[in-house]
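Structure first, commentary second.
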Amino acid sequence: MSDVNLSLKLDTDVAECGDVVAGMVRWGRLESAPRGVRIELRYWTEGRGDSDGGVVAEVELDGAVQGAGRFELLVPEAGPMSFEGKLIRVMWAIELIIDKRLRPDPDISHPITVLPRGGLAMWARQAATPPTVSDQTPPDQTGPDQTR
Amino acid sequence: MDQHEHESEERGLPLEHVVSDTSDRSVALIVLGAAAALIALLVAIAVGVSDAPLVLLIIWGVAAVAALSVAWFKARVWAGWSNPQLFLPSSDPLHLGDHVVVRFRRTARGRSGINGLAITALVRVEERVSYQQGKNRQTVTEVVYEAPLEILMNDSVNRTIEADIGIDIPLYEAPPSMDLDNNDVHWELIVNMTAPNAPDDLSSFTLDVDPQVASRLQSGGSGR
């Protein structure tokens, strides 16, 4: 799996509830054509309680030994928004999954922060950094890009 | 629309959405507890005092008397007041950073006067989580935000108490409402009425706060 090349690049890793998260994926050097290539938007909770969460949006791309594609995923209007409370932490991520036949599925994920509707403009106007969940990877200057 | 709603609209507060009180469920629980303790006591007596340990009978008796006393106390409050009502300006959920004025209303039943009544209110946000531990399901609750609210108007017409309450929904200090299987964020408005020689009366209303910044802040205002 180490020779599999996956790349997930988001236009932005901060989105509002009800917004679209868009980006680009690339994959290559697979031994054979996968059954499918899936990009998922999911959230999950961490903390004292049992975890909740799930995939809220996904897109499928045609499987090929190598390829690239652009995607757009809709964050639900009802959220939940990212936050870190006393008992609960809500996390969001975009995940690229290569669905291989009878093999472990290589995947790559990138955390995103989901703000309340209207939150981006407000934080931008105040020239403040949007609140991110503490252990999420901060974006670099050229945008989030991870290659395995 | 009744007479009071006309009066409220004349004061400039549109009354569109009524939220029902959630605190009276405790009365049902207390009455059930009292009934269960009484039945247990009567069964023990019917089976025969000599067959039941004396200590158990005493515990049952004390539990029954205590629960009935509380039930009587609650029943007096219930008999004294109608169900509390809360009127929101809109049926839409509240937003982060919102400032809204809501109206609390309660009517005395058969009382000649409601002199000396004082009303206080607060907003409280709780995180509630549940988890499986062995065969048991545990629930943990933590208050993450609590703030006293300003009573803008406190008036009584005939035997009806009305209070306008200003609610500031904080922008940063608390997350919006969330209702998942094991993880919840619960917003609550609690109104406390106190009067001389009368038991305190607590009413609790669930508030629905959306993950959305209030429009007045989106258009150029600043958050708290």
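Below are the figures for this structure:
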{"quantity": "Hits in the stretch B:143-197 - residues which are of a type in the set (Gly, Ala, Ser) and under 18 Å from the mean Cα position of the chain (by Cα)", "calculated": "B:Ala147, B:Ala163, B:Gly166, B:Ser177, B:Ala195"}
{"quantity": "Scope the stretch A:11-37; condition farther than 26 Å from B:Asn183 by Cβ and within 17 Å of the chain's Cα centre (by Cα); matching residues", "calculated": "A:Asp11, A:Thr12, A:Ala22, A:Gly23, A:Met24, A:Val25, A:Arg26, A:Trp27, A:Val37"}
{"quantity": "Some residue of the stretch A:48-62 being touching a residue at least 60 places away in the same chain (Cβ under 8 Å) and either more than 21 Å from B:Leu180 (Cα to Cα) or surrounded by fewer than 14 Cβ atoms within 10 Å (Cβ to Cβ) (or both)", "calculated": "no"}
{"quantity": "When residues of the stretch B:96-139 are limited to those that are within 9 Å of another protein chain (Cβ to nearest Cβ) and in contact with a Gly (Cβ under 7 Å, 6 or more places away or on another chain), the one nearest to B:Phe205 (Cα to Cα)", "calculated": "B:Glu127"}
{"quantity": "For A:Pro104: the one exception among (1) out of contact with any helix residue (DSSP H, G or I) (no Cβ under 8 Å at 6 or more places or on another chain); (2) under 30 Å from B:Val144 (Cβ atoms)", "calculated": "(2)"}
{"quantity": "Residue under evaluation B:Leu180, criteria (1) more than 14 Å from chain A (Cβ to nearest Cβ); (2) at pLDDT 95 or above, criterion not met", "calculated": "(1)"}
{"quantity": "Considering residues of the stretch A:81-106 that are free of Cβ contacts under 8 Å to residues at least 40 places away in the same chain and touching a Gly at 6+ places or on another chain (Cβ under 9 Å) only, the residue farthest from B:Pro93 (Cα to Cα)", "calculated": "A:Lys86"}
{"quantity": "Candidate set from the stretch A:74-92 (those that are charged (D, E, K, R) and either more than 16 Å from A:Val21 (Cβ to Cβ) or more than 10 Å from chain B (Cβ to nearest Cβ) (or both)); member that is surrounded by the fewest Cβ atoms within 10 Å (Cβ to Cβ)", "calculated": "A:Lys86"}
{"quantity": "Boolean, B:Thr107 is under 30 Å from A:Gly118 (Cα atoms), surrounded by 12 or more Cβ atoms within 10 Å (Cβ to Cβ) and either β-branched (Val, Ile, Thr) or touching a Cys at 6+ places or on another chain (Cβ under 9 Å) (or both)", "calculated": "no"}
{"quantity": "Pick from the stretch B:142-157, criterion without any contact (Cβ under 8 Å) to a residue 40 or more places away in the chain and closer than 18 Å to B:Pro84 by Cα, ranking: surrounded by the fewest Cβ atoms within 10 Å (Cβ to Cβ)", "calculated": "B:Asp155"}
{"quantity": "Residue count, the stretch A:40-91 (criterion: part of a strand (DSSP E or B) and among the small types (Gly, Ala, Ser))", "calculated": "7"}
{"quantity": "Any chance A:Val25 is touching a Gly at 6+ places or on another chain (Cβ under 7 Å) and away from chain B (no Cβ under 14 Å)", "calculated": "yes"}
{"quantity": "Index of the failed condition, A:Arg48 passing every other in (1) over 21 Å from A:Leu120 (Cα atoms); (2) more than 14 Å from chain B (Cβ to nearest Cβ)", "calculated": "(2)"}
{"quantity": "Criterion violated by A:Thr113 - all others in (1) within 14 Å of chain B (Cβ to nearest Cβ); (2) among the β-branched types (Val, Ile, Thr); (3) more than 30 Å from B:Asp184 (Cβ to Cβ) satisfied", "calculated": "(3)"}
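The values are calculated or read from the model by the stated rules, or taken from the named source; none is laboratory data. Because the structure is predicted, anything quoted here is derived from the model rather than measured. Glycine also receives a Cβ, built like all others from the backbone with ideal geometry; neighbour counts cover every protein chain displayed.
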